[in-house]
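Only one structure is covered here, and it is reproduced in the block below.
No value in this document is a laboratory result; all are computed from the given coordinates. In this text the structure is predicted, and so the values were computed from the model without any measurement. Cβ sites come from the backbone with ideal geometry, for glycine too, and all protein chains shown count toward neighbours.
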Amino acid sequence: MAGELINEAESNDVDLKAKSLTLTTKTNTAVSTMELGIYTFGDITPDPNSGRTISTAQRYAEILAAAKLADETGLHVFGVGEHHRLDLPISSPAVVMAAIAGGTKRIRLSSAVTILSTLDPVRVFQDFATVDLLSGGRAELIAGRGAYIESFSLFGDDFANYDALFAEKLDLLLRLSESERITWNGRFRSSLNNSQISPRPAGKLPIWLGVGGNPESALRAGELGLPVILANISQPPANFVTQIAAYRQRHAERGHDASTLKVAIATHTHVAKDSQRALDEFYPYYSAYFREHAPRANLSGEVLRDVYEKRAEPGGPIFVGSPQQIIDKLMYERELFAHDRFLGQVDIGGLPYAKVARSIELLATHVLPAIRGSGVNQVC
């Protein structure tokens, strides 16, 4: 299939190689190209065109297939989201990541995100350390509070403690990462007294902080010296420039290791041969996703076509278009954020797996080579 897609795209009017994109991450001593990856929430959505709904078992199988394809075609990261609803049936990203690890060789595996507020940080660390060992050191964790709140009542946590729960559990998680024995006391969990934390990961487990529209969350990441991932599916990216700049400033002010100063961007993504095809075929699934899976009932509803197209414009938040348009938009956002990683959610709203696979292949065969550039990266 990849060869067919290459031939199809080469017939495009746009020469993708003519506009190669050099995106670099600057440190004091080295430069690396921006990472490109995908993520999934595993949503179960009736196909808006056929009305067909696949089973959870088939959805899981398609996720494993997508991760294997992403690995084989050279993408850098595969993320798995956590929810606690029948229509979003991945409740344990670590379990899915472990299954993916067995069928992949090099792609990094991450949660997207882990809802830390309603989980036991000890168990979270143990699960992700296990995945790290099984995958040969490829596991990562994105800690977040999440937009969906079902887990609070499910696990007996009081939503009134939304902020305090997350702050305390993040503190414990970070301490667990630093030492194989820990003594700790807090409000929401039993104390630990020189407790052994096993297993230990293959190396230091990368822990990112997931943020949305709250500037304080990005500042928290800077304060703690954590990499940050911004999920933006509805606002112009330019709205977040100040937030990311403040994160970088706080990180520097606290004197953290420069290697932990990382920014990732995540949003909805669909790639097709040309822009009109991409817009037309993705819209029904995009709209169905928002209609079926809103975090709260008052947010449910159709996304009007003009709103969708506005979001897909060059200055909008979502990545929908031809490979060249995706490249151009990466260039634009790179100028805004100088980010190190981009993650696209490519499988929403009941989109058939064949179209998901094509989008992954186009990202890998046309967008990724442009991101890698042409050997002109310079240390700055």
Sequence-distant or interchain residues sharing an amide H contact under 5 Å with Arg108, placed H: which? Val77, Phe78
Using a Förster distance of 25 angstrom, determine the FRET efficiency expected from the C-beta separation of Val307 and Asp280, and round it to 0.05. 0.95
Take the alpha-carbon positions of the chain, form their convex hull, and give its projected area averaged over all directions (one quarter of the hull surface) in nm². 18.5 nm²
To the nearest 0.05, how large is the calculated FRET efficiency for Tyr60 and Asn214 if R₀ is 35 Å and r is the Cβ-Cβ distance? 0.65
Computed over the chain: relative contact order in percent, which uses C-alpha pairs under 8 Å that are six or more apart: 24 percent
Two-decimal log10 I(q)/I(0) for the stretch 88-173, as the Debye equation yields it once each C-alpha is a single scatterer, q = 0.12, 0.17, 0.24 Å⁻¹: -0.37, -0.69, -1.16
Test item: Cα-centred dipole of the chain, Lys/Arg +1 and Asp/Glu -1 on Cβ, debye: 780 debye
Take the residue pairs Lys105/Lys169; Lys169/Lys204; Lys68/Lys355; Lys105/Lys204 and return only those whose Cα atoms are more than 22 Å apart. Lys105/Lys169
Rounded to the nearest 5, the percent of antiparallel DSSP beta bridges in the chain equals 15 percent
